[in-house]
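The values are calculated or read from the model by the stated rules, or taken from the named source; none is laboratory data. In this text the structure is predicted, and so the values were computed from the model without any measurement. Neighbour counts are summed over all protein chains in view; Cβ atoms, including those assigned to glycine, are modelled from backbone coordinates with ideal geometry.
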Amino acid sequence: MDIHQLKQEIIEYSKEIGIDKIGFTTADIFTELKERLIRHEELGFQSGFEKGTVEERTEPRRLLPEAQSIISIAVAYPSRMRKDAPKSTKEERRGFFCRASWGMDYHDVLRERLRKLEAFIHEKVEDAVTKIMVDTGELSDKAVAERAGIGFVGKNTILITEEYGSFVYLGEMMTNIPFVPDNQVEDGCGDCRKCIDACPTGAIVQGGQLNAQRCIGFLTQTKDFLADEFRVKLGNRVYGCDTCQLVCPYNLKKDFHLHDEFEPEDDVAKPKLKPMLTISNREFKETFGHIAGAWRGKKPLQRNAIIGLGHYRDQTAVSDLIHVMKNDPRPVIRGTAAWSLGKIGTEEAYEAIRIAMDKEKDEDVLFEMEKGLAFQEVYASKSR
């Protein structure tokens, strides 16, 4: 078997099946990443969504003992909606899903492409051993892609490619075939710190180090009450955050519409907020079930939509929020609705909170109701 020829054939085939970049690296231990992850744990910067131990995340042969190489792939996604995409109005405020959640769930799309690549390899090499991963596996997609020459990991901890900026999905395949590794791309951030300065919550502690506990992208996926300091930063984000990507110079004018699967749908990428408050499980699955941002279920997204209505101080949503505060069985949703009503600040909203407090039993919800009523004094003092 000619390894060099096989590698070239894989590269050519990858283009035929919708893979925009492909790179090859060894299955050696990711030593630098291992040290960084250990330090990350010590600082308490993890999100809690990570899979596997530090060893499993940095030592490929723990996952596939026969591994000799890792093939990394990147698939580009759009950064802009069409010019006539719907906009928020005073009557119908809209939220926003981050760009990585536009279109079909990228986990499914990339797995499908990797399976085709895997089948191609097995046709060429009968005794090939392979293992596919996309995001939810133990290995760091970014670390693999960086070492495979796909791009470099910027100060915002996101992989940046020369062609597509950071608007790419990543996946990898481990194999027992000893491919010649590609050269790693040099870091290209230099003295730039635009992402660090622009992060809404200061989650990028320093270049290449992210405190996930403060990252808006992570916080939109949590299911508990959101801390007040983050509510005021959330804006109309329903899922994810793109700020550190949008300010990156490497993403200037980068907008690729190469794959129909990732084209944003108007009312999914920018959903109306009020209907989200009472959406049923069936409606949620039918509307959002095919996108990456639905993986945590509807509760976090509903909580974020409620905060978004408070952000807009949307008086047309008062009756909807009162209904949720009085009737939703989930304390986080009831309490957040009370907070949002207070933020909107109408007399009807404050009166509804007072009435609801007489029947509410949950201490956390009562605390949120008190915070909602406190806005009345804040607004009053500002008008004096």
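Key figures for this structure:
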quantity	calculated
In the stretch 24-48, the residues that are surrounded by 15 or more Cβ atoms within 10 Å (Cβ to Cβ), small (Gly, Ala, Ser) and within 29 Å of residue 221 (Cβ to Cβ)	47
Only one of 214, 231 that is within 23 Å of residue 336 (Cβ to Cβ), under 14 Å from the mean Cα position of the chain (by Cα) and outside the structural domain of residue 167 (by TED's automatic domain parsing)	214
Matching residues in the stretch 365-377 - criterion: being exposed (fewer than 14 other Cβ atoms within 10 Å of the Cβ) and closer than 15 Å to residue 347 by Cβ	377
The one condition in (1) more than 28 Å from the chain's Cα centre (by Cα); (2) free of Cβ contacts under 8 Å to residues at least 12 places away in the same chain that residue 32 fails to fulfil	(1)
Members of the stretch 133-156 found to be touching a Gly at 6+ places or on another chain (Cβ under 6 Å) and either among the β-branched types (Val, Ile, Thr) or surrounded by fewer than 22 Cβ atoms within 10 Å (Cβ to Cβ) (or both), listed by number	134, 138, 149, 150, 152
Subset of the stretch 304-319 (residues that are touching a residue at least 40 places away in the same chain (Cβ under 8 Å) and within 28 Å of the chain's Cα centre (by Cα))	304, 305, 307, 308, 309, 310, 311, 312, 314, 317
Residues satisfying the stated conditions in the stretch 233-258, i.e. of a type in the set (A, V, I, L, M), surrounded by fewer than 20 Cβ atoms within 10 Å (Cβ to Cβ) and under 16 Å from residue 102 (Cα atoms)	246, 258
Residue check, residue 127 more than 26 Å from residue 177 (Cβ to Cβ), among the charged types (D, E, K, R) and not in a helix (DSSP H, G or I)	no
Some residue of the stretch 190-202 being basic (Lys, Arg), part of a loop (DSSP other than H, G, I, E, B) and touching a helix residue (DSSP H, G or I) at 6+ places or on another chain (Cβ under 9 Å)	no
In the stretch 223-244, the residues that are among the polar types (S, T, N, Q) and not in a loop (DSSP other than H, G, I, E, B)	243
Of residues in the stretch 1-25 being part of a strand (DSSP E or B) and not polar (S, T, N, Q), the one farthest from residue 161 (Cα to Cα)	24
Lone qualifier among 57, 61 - being touching a Lys or Arg at 6+ places or on another chain (Cβ under 9 Å) and either of a type in the set (Gly, Ala, Ser) or assigned to a helix (DSSP H, G or I) (or both)	57
Tally, over the stretch 265-311, of residues that are within 17 Å of residue 91 (Cα to Cα), of a type in the set (D, E, K, R) and surrounded by 18 or more Cβ atoms within 10 Å (Cβ to Cβ)	2
Yes/no for residue 69 being among the hydroxyl-bearing types (Ser, Thr, Tyr) and under 26 Å from the mean Cα position of the chain (by Cα)	no
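Matching residues to (1) surrounded by fewer than 21 Cβ atoms within 10 Å (Cβ to Cβ); (2) modelled with pLDDT of 95 or more; (3) under 26 Å from residue 17 (Cα atoms); (4) not small (Gly, Ala, Ser):
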site	(1), (2), (3), (4)
55	yes, no, no, yes
82	yes, no, yes, yes
91	yes, no, no, yes
109	no, yes, yes, yes
124	yes, yes, yes, yes
